[in-house]
Every structure is written in C-alpha cells, then in structure tokens.
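Inspection log for the structure reproduced underneath, given as structure tokens.
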Amino acid sequence: MFRRLLPLTLLCTLVATGVARSTTVIPPSFGALVSGASTIFVGEVMNVRAAWESTPAGRVIVTSVTFRVEAVWKGNVGAVTQLAFMGGEIGDLGMMVHGMPTFRMGQRDVLFVGGEARRISPLVGLMHGRMRVERDLVSGVDRVRTHDGQAVGSVTQIGPQRAPASLASITPMRLSDLEGAVRAQATAARRR
Amino acid sequence: MTRPRRGTLWGALVVLLLGVTAADTSLGFSLLANKWPNGTVTMQLQLGSASSTLVDGSTSWNQVATNALATWNTHVDLVKFSAVQNSTARRAENDGLNSVFFASDVFGEPFDRDTLAIATSWYRVSTGAKIEGDVVFNNAKSWNSYRGNLRTSGTTPVNDLMRVALHEFGHILGLDHPDENGQNVRAMMNSEISNLDALTADDIAGGRSLYGGGGVTSNVSFPPRNEPNDFFNQLIGVYRNELRAGQVTTYVDPEGIVVWLIEYARYRVGLCDHSTAQTRVFAAIDNTGVSGVCALTPAGTIPFPPRNEGLDFMTALQVKYRDELRRGAGSSFVNNEGAVVWVLEYLRYRLNGCNHGDATSKVFAQIRGQGVQPVCR
C-alpha cells in the first residue's frame, strides 16, 4: 500500500524542485514584475548559444537564448526574439552567475523582460522574471510555475510573501489565468 | 485483537505522510556542481572602510567580510578562506583572483533594482573544479552590519552585509539554495534574505559535505541493536498475523535490514544528505571505513529524512546484497516499504525519548490506524 502512496509523497515533496540558482535578490511582487517589464511574452526556447564578450572588466561568457514567441502579453516583440544572460560554458571553461536562469531547448516560459538595454539579466528581478510553463499531460492545459518550479495557485503567491515549499499550492495556476492577471494588471497600471 | 480496517490504515498513512511533508523537519542543503580543490581560497577584500562605526561595532566593511569568511572557516576543514585586506588588485572577471567589492554594476553590466549582491564563479567543466569566485555588492543599496531582525530606515531597507556575505560566500564555496531545490529547511543559504542572522545546522552540514574532514562524532545515542531487532521481529508477526501480508522476496536478512537502516538513519540525523549517508553505509558494509556523521544534530525534536529517500536506500541495499554480496533470495512478510516506514518510525520515537516498549507500542498503534502518536518529550 505504501507503494501506491509514493506518488502522493513525491508530489508533496518534489513539487518545488527547481534548477535556478540564486544570489541575493528581493523577489518582486506580481505588480512589480508586470510594471517593471517592458515586454512580457510566452516563448519556447529554440536555441542556446554561449559566446565570449569583451567588457571593461575583461572577457566574460554570455549565453544568448533564442525564443519562438507564442504570445505577447505586454509591449512589442517579434515572432522570434533573443535574450542574453551573463554566464555559460565554452569548451572546458564555465562561468556561473549564481541566480542566473538557465534554459534548455524546447522549454516554454513566460518572460518578464525589463526595459533597460543591458543588465546582467534581461529579466525583471533576475531569475524572478521567468515563469515556467508546463502542459498537463492528461488535460492538455498549460500551467505555470515559478522560476524554481514551485507551484503558484494565484498571482498573490508571487513575490516576497510566497509560501514555503511545504505549503505551496499543489496545482499550478493555468497559463490563461496568468495571462488574464497580467493584462488586468497592465491595464490598471495604465489607468493610474 | 481485531484486524485493522484497510480504510483506517490508509487514513493513518495519509495523515502521517502529509504531516511529514508539511513539517519543517527535512534536512537537505543543496550543492552546486563545482567546488574548490583542497587548499586555501584567497579573497581580495576591496570593500573599504565604513563612514562610521557599524551597528555591530565593526569599523570597516572588510572587517565584516573577514568575519563572514572566518565563520565559514570554523566549519570546513579541507578548504580554508584567507583574506587580503584592502586589496588593490584589479577588479576583473576570469583573472584568477577572487574579488569582493561594492559597485553599481557587475563587471560592466548594471545591477537591477532588486538585486543586493551577485556571486560569480569560474570553473573547469570537465572536473567541476572552481578556479575563481567573485562577489559584488550593490552600492546603490543601504548597508550596515547588525544582528537580529532586518531593519529599515523609514521605509528603506537597511541591508545587513554580514548575512548577505555569509550567503554569498556560501555560494563561493559551492552551496546552492535549498528552498529552490525542493527543501524546506531553516538556512542562511535559502534564496530569500530574512531575519535569520547566522549559519544554521543545515548550512554547516552543506559546507561540511563539501569540505568536511572525515565527519564528526554523532551527539545522538541510538538504541542497542537487540532492541530494534526485537521490534522488527514483532513487526514481522504483525504483518503476518494481523495484516495477513503475503511473503515478498528479499536479499537482506532481517538483522541486516535493521542494522543498516539504523546506520543510514544515524548519518541522516547527523545531517548527511541521502547520497552521503548511503555512501558511508555502503563503505561500512564493504569494510572500507566507518565515517563520522556530517554535523552535530541540533537540539530539540530530532528530524528524520523523507521516506522516499529511505526507500531509495533500502532498494539500493537490496541490490547491493544481491549483486555484490551475492546473497540468495529469501522471503519476508515485511516488504521494503514497510521496513523503511516502521523501522524509521520506531527510531524516531526512540530518539525522541521513548523506551523500547513505548516506541514499539506507538508504532503498532499507528499500524492499527490510531494515528501518529506523540513522542516522549
């Protein structure tokens, strides 16, 4: 009987499993995520490529991630767009910026992209401006999780007040619900 | 004695599982994929002097950072930080120097408004060996150094350099965020800054798992082996006579199950992660050495590992007995899940103040659907 309960155990304990690594960032609220972003879009990772880049402080590795844009919720962005993140691996040398999100081909994400031309991360709140999209294999419904894989039941659970992993929602909110919340937030901000 | 109803048992187990998963008792620091070779990691401190004495009495930012490095040094053996005070080294990436300084940008790229500090690491992909680690603190933020709850000046947060430095230097050592990797622990290495102002047992266990020098002596007393063996024999009787369990194949004899589950639990209670605990138990089975635990168990209710990890250990133990020790197949009325769940539950009661008789009774009460029993202290 324990074997039959294992999926429940794993669901409870692994629901927040993630890959992002972080430095010290104050998590922005949902409102700050939306207002701080010049563009918000849903994209699928088409390509990931690391390259050397010269800076006044020496050469660094920058990883360019190319997205096929599925939907644009705020601002303007083309059908294909590219974002650059400091860090990556070239040959036998790796540069890790602790907290920088990493991407793999085929992943789908909601990206909250900041307005400034260049920063160490193009996303609002470094890693917090990335929400991961996953498709429910049974229902076919797209659902969203935070950058580190934690389920959020609603946008009120995004930001500094988010619940610890053990108390997080088990069922992530629908992508369509997040879209509605983003559009409402953006509209409300314009009215103000 | 009546046979427990199936639904009651299910209910008891579900309650137990939910209780275990919701409690803040799991242990599990999280590690990055790279670490330093054994030796000294020299940090170039370029934070400068404070404009006035800081709340904790420090007179310079470098002093605060030095204290943070020294704190980590007290808990690791194979790698030690050293500090070059008031270093004038050029601040650059990929130069082999480990720089620590304030700036408005990270090697040319501006901070965003939410970021207090950034740690970067350079490493060899093939070996995972770190070769450089830099920490940049955002000079657009308000800083001080103090203990206790986070402070504000008006509505502006006053950030504590000490706790942020402890966190960033933890990254430099090779520690990741436990809370972003499925853990629910109290740790300075969690991703969000909080009122926590010092390293915790979980942080220390993480540091020691990377650079500990052979472990430490456990501060937890486990029961003599004859008592858990007696418990397990009684458990077999309950499974056979009350639960009417069928026999399952096992390659590990009952005594082996009890002995090695106890050893696994000893390492886990001693703040070793699952992988480290399993490795150390298997080393003992192979007679290649007995290690100490990873860190002292903190005071209070003694925490236990998640059951799925205990089950993973038990499965690996069966494979080891079958494939490496070439043990033949036997049979038991208690399957792997039952052994892991109830032996660990028995130990949980024993380590939390219950004697053999009470612990046995409490476990059997659970099996009979009477819910999780209170520990004895």
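For beta carbons closer than 7 Å, sequence separation of 6+ or different chains, a first residue in region B:341-365 that is part of a loop (DSSP other than H, G, I, E, B) and a second that is at pLDDT 95 or above, the qualifying pairs are B:C354/B:K362.
Kindly establish whether B:Y251 is in contact (Cβ under 8 Å) with a residue 40 or more places away in the chain, of a type in the set (S, T, Y) and surrounded by fewer than 23 Cβ atoms within 10 Å (Cβ to Cβ). Yes: the conditions hold for B:Y251.
Taken over region B:84-103, the criterion of being crowded, with 20+ Cβ neighbours inside 10 Å and aliphatic (A, V, I, L, M) is satisfied by B:V100 alone. Taking region B:30-47 as the range and being buried (at least 17 other Cβ atoms within 10 Å of the Cβ) and part of a strand (DSSP E or B) as the test, the residues that pass are B:S30, B:L31, B:K35, B:V41, B:M43, B:Q44, B:L45, B:Q46. If I filter region B:313-347 down to residues being charged (D, E, K, R), touching a helix residue (DSSP H, G or I) at 6+ places or on another chain (Cβ under 7 Å) and more than 14 Å from B:G256 (Cβ to Cβ), which single residue comes out as nearest to the other protein chains (Cβ to nearest Cβ)? Per the criteria, the residue is B:E337. A count restricted to region A:98-151 and to residues that are of a type outside the set (S, T, N, Q), assigned to a loop (DSSP other than H, G, I, E, B) and within 14 Å of chain B (Cβ to nearest Cβ) stands at 20.
Inside region A:64-87, residues that are assigned to a strand (DSSP E or B) and either more than 14 Å from every other protein chain (Cβ to nearest Cβ) or in contact (Cβ under 8 Å) with a residue 40 or more places away in the chain (or both) make up a count of 15.
Here is the figure for region B:234-274: residues that are modelled with pLDDT of 90 or more, closer than 20 Å to B:S221 by Cβ and not in a helix (DSSP H, G or I) total 0.
In region B:286-298 there is no residue matching the filter, namely being in contact with a Cys (Cβ under 8 Å, 6 or more places away or on another chain), under 29 Å from B:V76 (Cα atoms) and among the hydroxyl-bearing types (S, T, Y).
The values are calculated or read from the model by the stated rules, or taken from the named source; none is laboratory data. No experiment lies behind these values; they were computed from the predicted model shown. Cβ atoms come from the backbone with ideal geometry, glycine included; neighbour counts cover every protein chain shown.
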